[in-house]
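Working notes, structure below.
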Amino acid sequence: MDITPEIRAAINKYLEKHSMSELARAVKMSHTAVRGWKSGIATFIRPSNWESLEPVLRPYMTHNPPTHPTRCESNAEFVTEPLPTYPVISLAAAAECNTAIIPMADYADANSEERVSVHNGRPGDVAIRVVGDSMEPWYPAGTIVLVRPGARLRNGDGVIAILADGSVVFKTYVERKDTFLLLSINEDNGCKLEFKKSDHFAVRGIYLVVTSIRDEIKLRETMHANGKHHFWERYLDEKT
């Protein structure tokens with residue numbers, strides 16, 4: 001839900017008597033997330049976080065706090081709620097997040113460029129904008145992908161990985177007995193990365209790519225540039 005002026009005023013009233021650390025502990029959120037709420041950098045609170053924050057702010061609210069009705073007053077018709085939105089950060093911003101200190105979702109909430117609606121997301125998911133060409137033609141630069149920290153990975157999953165040196169790569173995950181690999185979809189671009197499972201410092205984080213939001217025109221153009229064509233295009237060529 002959006003952080004309205006009334007909600008931000010209530011946060012500031014609370015912080016006149018309490019510290020940001022106290023509020024962070026009360027709602028079980030990071031200090032960075034609370035700072036984002038206060039400063040105005042964050043403009044949205046996930047419903048699950050609002051459930052914890054609302055009781056704390058209620059004494060400081062002038063009017064009744066906002067709610068999320070699921071039915072209309074007649075109780076005979078469902079009211080359709082908008083799709084949940086997720087914070088979008090760049091690959092560079094993702095690399096700056098120290099996930100040992102702050103969860104990626106909290107960091108993204110406080111540092112997002114924008115928010116996007118996604119139908120199959122879950123609380124804690126983060127949207128990241130792709131750069132580079134290692135995942136072309138299927139994921140052109142500019143594609144927004146929704147990633148899920150902490151998900152169990154399987155062979156063939158697309159992933160965003162943050163390496164030990166802070167660089168961020170968009171690869172396909174492949175697991176072997178004692179190692180795992182990060183491979184590019186386009187075999188002509190990028191490099192093969194292989195790590196021992198016992199090396200806990202080689203990769204700072206790997207996040208499952210759940211879905212993507214792509215410019216379909218840009219996707220077709222990029223596929224053609226890489227020599228990839230749909231069957232119907234090849235069919236037309238064969239018949240003319």
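Do you know which residues across the stretch 22-34 are surrounded by fewer than 15 Cβ atoms within 10 Å (Cβ to Cβ) and touching a residue at least 12 places away in the same chain (Cβ under 8 Å)?
The one that is surrounded by fewer than 15 Cβ atoms within 10 Å (Cβ to Cβ) and touching a residue at least 12 places away in the same chain (Cβ under 8 Å): 28.
Can you tell which of 135, 104 is crowded, with 19+ Cβ neighbours inside 10 Å, modelled with pLDDT under 75 and not assigned by TED's automatic domain parsing to the domain that holds residue 49?
The unique qualifying residue is 135.
What's the number of the only condition in (1) surrounded by fewer than 16 Cβ atoms within 10 Å (Cβ to Cβ); (2) modelled with pLDDT of 75 or more that residue 171 fails to meet?
The number of the failed condition is (1).
Condition test on residue 194, is it in the same structural domain as residue 102 (by TED's automatic domain parsing), over 18 Å from residue 89 (Cβ atoms) and without any contact (Cβ under 8 Å) to a residue 40 or more places away in the chain?
yes
Those residues that are in contact (Cβ under 8 Å) with a residue 60 or more places away in the chain, of a type in the set (Val, Ile, Thr) and farther than 24 Å from residue 137 by Cβ, I need them from the stretch 152-181; list them, please.
162
State which residue pairs qualify: first residue farther than 15 Å from residue 147 by Cα and inside the stretch 97-113, second residue among the β-branched types (Val, Ile, Thr) and surrounded by 18 or more Cβ atoms within 10 Å (Cβ to Cβ) in any location, beta carbons under 7 Å apart, and separation of 6 or more residues or different chains.
The qualifying pairs are 102/32; 110/32; 111/89; 113/88; 113/89.
Rundown of residues vs (1) in a loop (DSSP other than H, G, I, E, B); (2) of a type in the set (Gly, Ala, Ser), yes/no style:
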{"position": "89", "(1), (2)": "no, no"}
{"position": "95", "(1), (2)": "no, yes"}
{"position": "100", "(1), (2)": "yes, yes"}
{"position": "119", "(1), (2)": "yes, no"}
{"position": "131", "(1), (2)": "yes, no"}
{"position": "142", "(1), (2)": "yes, yes"}
{"position": "147", "(1), (2)": "no, no"}
{"position": "151", "(1), (2)": "yes, yes"}
{"position": "165", "(1), (2)": "yes, no"}
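The values are calculated or read from the model by the stated rules, or taken from the named source; none is laboratory data. Being a predicted model, the structure only gives us computed values, none of them experimental. So basically every Cβ, Gly included, is an ideal-geometry build from the backbone, and we count neighbours across all protein chains shown.
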